[in-house]
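The values are calculated or read from the model by the stated rules, or taken from the named source; none is laboratory data. Computed from a prediction, not measured in an experiment: that's the story for all the values here. No Cβ is skipped: glycine too gets one built from the backbone with ideal geometry, and neighbour counts run over all protein chains shown. Calculation scope for accessible area: heavy atoms of the full protein, side chains included, ligands and nucleic acids excluded. Shrake-Rupley method; radii C 1.70, N 1.55, O 1.52, S 1.80 Å.
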Amino acid sequence: MVKLPRLRAAANPADEVTDEALADEVAVASRSYTPAKGRPTPKRREAESRRRGPVAPPPMTQREAMKRSRVSKADRRTVAAQRRERMAAGDDKYLLARDKGPVRAYVRNVVDARRHLIGLFMPLALVVLVAMVAPVPLVQGYAAPGTVVILLLMIVEGLLLARTVVKQVRAKFPDATDRSLSLGWYSFVRASQIRKLRIPKPMVKVGDTVQ
């Protein structure tokens, strides 16, 4: 309730407050009075969050994140295909960390410029598996020792290849910080893959000279 200033009776009747003056004073007091809110004024960030509503929790799985994404499946497939294409082309921006850099590109060229017995590792594993399952004792008898001999030859070739690669890398990139063991293993893994399935794809032909 608005408290009005206590009015004293005027000594002079001319100084008495009229009804019209009293009504004007009440109106002014009503306009200038602001009732208390009973709570602090919310901050701008809190007010905006209330208008927007509760924030959704982060996605727990990749599938859930893809559902929330506005990108269509066709667009995602197009982006993935372009990424695979650039990776296969040897674009350093899209390569894995193990394949990035001029040193690794040079190692790939050295390996891809020649044929390797190690490249038969995967087909040999398939042949050995079939031979072990085949119900022919003669085939099983020759498969085991033949596999051991070929594996020994692959190991020897891998060691020689690693030694050659490390030597050429040190000569071409004297400031390279790559470890010899890492370079040798990288060349071995590259040579053990089937040529058509190598990623990035070979940039040189078999027999080319790599400088």
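Inter-label distance, K73 to L160: 5.2 nm, where each label sits 7 Å from its Cα along the C-beta direction. PRE reach from D175 (point 7 Å along Cα→Cβ): which of region 100-136 fall under 18 Å by backbone N? Answer for this model: 101-106.
Sequence-ordered 3J(HN,Hα) estimates for region 88-99 from the Karplus curve with 6.51, -1.76 and 1.60 and θ = phi - 60° stand at 5, 7, x, 5, 4, 5, 9, 7, 5, 4, 6, 9 Hz, glycine and proline given as x.
For K93 and V127, calculate 0.36 nm times their separation in residues minus their Cα-Cα distance, and state this gained length in nm to one decimal.
Values: separation 34, 0.36 × 34 = 12.24 nm, distance 3.80 nm.
Contour length minus the Cα-Cα distance gives 8.4 nm.
Once the cut-off is 15 Å, how many percent of the Cα-Cα pairs in region 147-211 end up in the long-distance tail? Pairs farther apart than 15 Å: 62 percent. The mean accessible area for residues of region 79-195, using a 1.4 Å probe and ignoring ligands and nucleic acids, is 65 Å² per residue. Taking label points 7 Å from Cα along the Cα-to-Cβ direction, K100 and K167 give a separation of 3.2 nm. Report the paramagnetic label zone for A113: residues of region 148-164 whose backbone N is under 20 Å from a point 7 Å from Cα along the Cα-to-Cβ axis. Of the residues in region 148-164, 157-164 have backbone N under 20 Å from the label point off A113.
Peptide packing for 201-208, 102-109 was compared via the average number of neighbouring C-beta atoms within 10 Å per residue; ordered from the highest value, the list is 102-109, 201-208.
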